[in-house]
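Q: Mind having a look at this structure? Questions to follow.
The values are calculated or read from the model by the stated rules, or taken from the named source; none is laboratory data. No experiment lies behind these values; they were computed from the predicted model shown. Cβ coordinates were reconstructed from backbone atoms using ideal geometry, including for glycine residues, and neighbour counts include every protein chain displayed.
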Amino acid sequence: MNRMLLFLIALMSTTSFFAQAASEPQMADAIRENGKIYVVIAVLAIIFVSIIGFLIYLERKIKNLNDKIDKKS
């Protein structure tokens, strides 16, 4: 347990070190300047809402199936 905790702490500290050492990505600046960041955010929002909607749809289907099984029993 202690070894695993030590490993996780070491891993987290090295990843933050490497993240700070990296320079600012130029592509992100270009996307922000051109206004395309809103397209990226819109696509991500559509994907997120679609996944949430699909999960709600599946939950309703599963609930209906469970209700049908319970009525037969």
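Q: Does residue 18 satisfy the condition of being at pLDDT below 90 and over 23 Å from the mean Cα position of the chain (by Cα)? Give the steps one after another, and end with the answer.
A: Working: at pLDDT below 90: yes; over 23 Å from the mean Cα position of the chain (by Cα): no.
So residue 18 fails the test.
Q: Still on this model: Find all pairs meeting these conditions: Cβ atoms under 7 angstrom apart; at least six residues apart or on different chains; first residue within segment 36-58 and farther than 21 Å from residue 26 by Cα; second residue among the basic types (Lys, Arg) and assigned to a helix (DSSP H, G or I).
A: Sorted first by the residue in segment 36-58, then by its partner, the list stays empty.
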